Amino acid sequence: MKNIYAILSFTFLMAITFSEATYAQCTSCDVSDPNIAPNTAYTFAAGKTTCFTAGTTTINGDVSFGDGGSICVGSNATLILSANNYSAINSGTFAIGVQGTLKVNQNPTWSGDMEVTIAAGGKMTANTLTLNGDVMKVTNNGVFEPGTLQFSNANAVITIENNGSMVVTNNLNVSSGVARFINSGDLMIEGNYNSNNVSSYINCGIFNGKFNLNNGGQVINTGTFTTEQIDFGGQTLKLVIMELLILKEPLI
């Protein structure tokens, strides 16, 4: 079992290194610091990298994510997405790299396949963010603070890796799709972590919050797991504690 986790740790380290290199310095930009008029719709071009390198840019109009396109928010830049409506053009994966600050206002649903990477030193905040693609990946090496993060596609394959600081002020809902969440950093959920019977959570770092396993699922802890409530239900759940579990209240 220890050998398995050694392999997992090495794999995650390689993933972190790749993600950091991919978005370092917002290189290979096809579009830099576009001038976007207030309340104007904007399309991030298919197959192109749009970079925000300095200052603050706000997009209030509708947003379209072009097939295979990407956004890079530089370390000296802030991008504010305040649109109500988002759409995905075709089915290519759209990538978002955050080295500076990305603020997602409103309560949007992002359609299409998506890969979000927050670099060390980067920060992303959101209210209620719903990800609705078939393949969704979130990698946080910096600071990620969503109010509610949820997935609404029952056919989705979801990967979440937290290697930095992640605070969910409401609920984290991975009860749709097949999800794997690996926490190697510091994760706090002020509401509830809601899982399903085909999803798993691997904690190698520090977890604080409630956990809902009424629909089954798997929790493996090799780090520090502090909770005041774990809800159990069904016959498909699996709870493996290899390190420290701190209970503030009796299990439910």
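How many residues are in a loop (DSSP other than H, G, I, E, B), on the phi < 0 side of the Ramachandran plot and open to solvent by less than 20 Å² (accessible area, probe 1.4 Å) if we restrict to the stretch 142-190? Give the steps one after another, and end with the answer.
Taking the stretch 142-190 and keeping what is in a loop (DSSP other than H, G, I, E, B), we get 142, 152-156, 163-164, 169-171, 174-177, 184-185.
Still in the list and also on the phi < 0 side of the Ramachandran plot: 142, 152-156, 163-164, 169-171, 174-176, 184-185.
From what is left, the residues that are open to solvent by less than 20 Å² (accessible area, probe 1.4 Å) are 142, 156, 164, 174, 185.
Residues in the stretch 142-190 being in a loop (DSSP other than H, G, I, E, B), on the phi < 0 side of the Ramachandran plot and open to solvent by less than 20 Å² (accessible area, probe 1.4 Å): 5 in total.
ASN196 falls short of the stated requirement of being open to solvent by 20 Å² or more (accessible area, probe 1.4 Å) and of a type outside the set (A, V, I, L, M).
For the stretch 199-209, enumerate the residues that are crowded, with 19+ Cβ neighbours inside 10 Å and either touching a residue at least 60 places away in the same chain (Cβ under 8 Å) or of a type outside the set (Ser, Thr, Tyr) (or both). Hits for the stretch 199-209 are ILE202, ASN203, CYS204, GLY205, PHE207, GLY209.
Out of GLN150, GLN235, one residue alone is of a type in the set (S, T, N, Q) and either at pLDDT 90 or above or closer than 24 Å to MET114 by Cβ (or both). It is GLN150. Within the stretch 89-105, restricting attention to residues that are at pLDDT below 95 and surrounded by fewer than 18 Cβ atoms within 10 Å (Cβ to Cβ), the residue that is nearest to GLU161 (Cα to Cα) is GLY92. Scanning the stretch 36-61 for residues that are farther than 17 Å from ALA119 by Cα, among the β-branched types (Val, Ile, Thr) and part of a loop (DSSP other than H, G, I, E, B) turns up ILE36, THR40.
Every condition in (1) polar (S, T, N, Q); (2) closer than 17 Å to SER175 by Cβ; (3) modelled with pLDDT of 90 or more holds for ASN203 except the one numbered (2).
If you check SER91, SER64, SER75, which single one turns out to be over 25 Å from ASN192 (Cβ atoms), among the small types (Gly, Ala, Ser) and part of a strand (DSSP E or B)?
Working: SER91 fails: part of a strand (DSSP E or B); SER75 fails: part of a strand (DSSP E or B).
Going through SER91, SER64, SER75 in turn, just one is over 25 Å from ASN192 (Cβ atoms), among the small types (Gly, Ala, Ser) and part of a strand (DSSP E or B): SER64.
Filtering the stretch 191-228 to residues that are assigned to a loop (DSSP other than H, G, I, E, B) and among the small types (Gly, Ala, Ser) leaves SER195, SER199, GLY205, GLY216, GLY223. Taking the criterion of being in a strand (DSSP E or B) and under 19 Å from GLY47 (Cβ atoms), the residues of the stretch 105-120 that qualify are TRP110, MET114, GLU115, VAL116, THR117.
The values are calculated or read from the model by the stated rules, or taken from the named source; none is laboratory data. Remember, predicted model here, so these are calculated numbers, not experimental data. With ideal geometry, Cβ positions are generated from the backbone for all residues, glycine too; neighbour counts draw on all protein chains shown. Protein only, heavy atoms only, side chains kept; ligands, DNA and RNA dropped before computing areas. Shrake-Rupley method; radii C 1.70, N 1.55, O 1.52, S 1.80 Å.
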